[in-house]
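This report concerns only the one structure given below.
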Ligand code: CMX
């Protein structure tokens, strides 16, 4: 067993009695009531999911295993010569809650490398897809195509104790995660760079290898590490995390469940918003024709969007009620690395104006920017101007969080998910409507 797997197994054994006790002795304790607004309105705020991997406070933002974003970056072992931590060390941290040593991190780096080769049939499938397929469709298809690799299925069919479900799930998750940078980079180079894929370099880590396979020099390796970590997890209720968890709850393996989660991420109200931010901002800059974006011009463009019945992409959130710290973290990166970049200046100018406009508009409960408002600028600066690709980058990151969650779902024996639905008549009766 690897150090990570050993540590994880110990954590699982320590944790199981807590879940068992809660269920046996406190199963009837109330966590809240459900209103009609929540039943019709997408279950906002209904407390019915459990995860220890991250927690989202509406005003503070995300904490990974109890640590804020700056604390997470600070605590984890860094790639030599880099500002940002190993993604592999972050994976260790999400799975176990322990900050790994450099030695433990490097053991995961080596383990992932041994699993990183993408099967030839996946490449063949990608190559037979129409080149104008959306990169997210390609990414999800590649993940689903590998379902035949699922160790969980083989062991389950052979007769697996439910106490051991987590073990092949862990192996599958490691195998799948290790391949995602190469799949994503292959899609990018095939689709947007005249079909010129770049082979992996075995000496590089997850983020470094991704940058290399994308064909983008340093500091893009650090951008990749930062980006994957920032986008990894946002507790369990968001569409990509919840979909992955839901599909996995039927004991579908991680290939089926991550592919489904990626399909949810591809929606414009979720991960696709980062592509929409860039298309909105680029269209706005074209209208400017090189002129400085004044407050008045930005205000007008934002109102035009709202008045035409569209949302302002990159703003608002179902849980957050302040500026997303993932936005702030990327903004700090921009301030340090590209303070005078015109696109960054426009995005910053929008930040000055959009919250006020949304407040005046009076609909969005949160007028502040989310993670997607800032992320495209950084990618554009480093040469990824094909914004259709941005959500794939989000997807590689999101896989880290949701796969860690699925392993824990299996370890703690979480059951198949099955909320209850009611009819409209039942709601009317409950409300006392004649
Ligand atoms: N622009 C215009 N209107 C907005 C808005 C925005 N950015 N954000 C919310 N609203 C509107 C909603 O559409 C809703 O209108 P209706 O009452 O007419 O249906 C109203 O304000 C209330 O919505 P809310 O409770 O504040 O927000 P929700 O929890 O329903 O939705 C979200 C959250 C993120 C989908 C929404 O804010 C939105 O559409 N934002 C723009 C898209 C975006 O940036 N998505 C990325 C989120 C982060 C991620 O998952 O990647």
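Among the residues of region 404-413, are any surrounded by fewer than 22 Cβ atoms within 10 Å (Cβ to Cβ) and modelled with pLDDT under 95? Scanning region 404-413 turns up no residue that is surrounded by fewer than 22 Cβ atoms within 10 Å (Cβ to Cβ) and modelled with pLDDT under 95. Number of residues in region 35-49 that are in a loop (DSSP other than H, G, I, E, B) and surrounded by 15 or more Cβ atoms within 10 Å (Cβ to Cβ) equals 4.
I'd like to know if region 330-349 contains one or more residues that are in contact (Cβ under 8 Å) with a residue 12 or more places away in the chain, under 29 Å from residue 403 (Cα atoms) and either out of contact with any helix residue (DSSP H, G or I) (no Cβ under 8 Å at 6 or more places or on another chain) or within 16 Å of the ligand (Cβ to nearest atom) (or both). Yes, region 330-349 contains at least one residue that is in contact (Cβ under 8 Å) with a residue 12 or more places away in the chain, under 29 Å from residue 403 (Cα atoms) and either out of contact with any helix residue (DSSP H, G or I) (no Cβ under 8 Å at 6 or more places or on another chain) or within 16 Å of the ligand (Cβ to nearest atom) (or both).
Mind checking whether some residue in region 283-303 is within 22 Å of residue 365 (Cα to Cα) and assigned to a loop (DSSP other than H, G, I, E, B)? Walk me through how you get there before you give the answer.
Pass one, region 283-303, residues within 22 Å of residue 365 (Cα to Cα): 298-303.
When the remaining residues are screened for being assigned to a loop (DSSP other than H, G, I, E, B), the result is none.
No, every residue in region 283-303 fails to be within 22 Å of residue 365 (Cα to Cα) and assigned to a loop (DSSP other than H, G, I, E, B).
Only residues that are more than 24 Å from the chain's Cα centre (by Cα) and either surrounded by 13 or more Cβ atoms within 10 Å (Cβ to Cβ) or at pLDDT below 95 (or both) were counted across region 166-208, and they come to 5. For region 197-221, which residues satisfy the criterion of being in a loop (DSSP other than H, G, I, E, B) and over 26 Å from residue 127 (Cβ atoms)? Selection gives 203, 205, 217, 218, 219. Among 92, 86, which is crowded, with 17+ Cβ neighbours inside 10 Å and within 23 Å of residue 412 (Cα to Cα)? Every option except 92 fails the conditions.
Per the listing 306, 258, 320, the residue uniquely buried (at least 19 other Cβ atoms within 10 Å of the Cβ), within 10 Å of the ligand (Cβ to nearest atom) and either over 27 Å from residue 220 (Cβ atoms) or modelled with pLDDT of 95 or more (or both) is 320.
The values are calculated or read from the model by the stated rules, or taken from the named source; none is laboratory data. Since this is a predicted model, take the numbers as computed values, not measurements. Methodologically, a virtual Cβ is constructed for each residue, glycine included, from the backbone with ideal geometry; neighbour enumeration extends over all protein chains shown.
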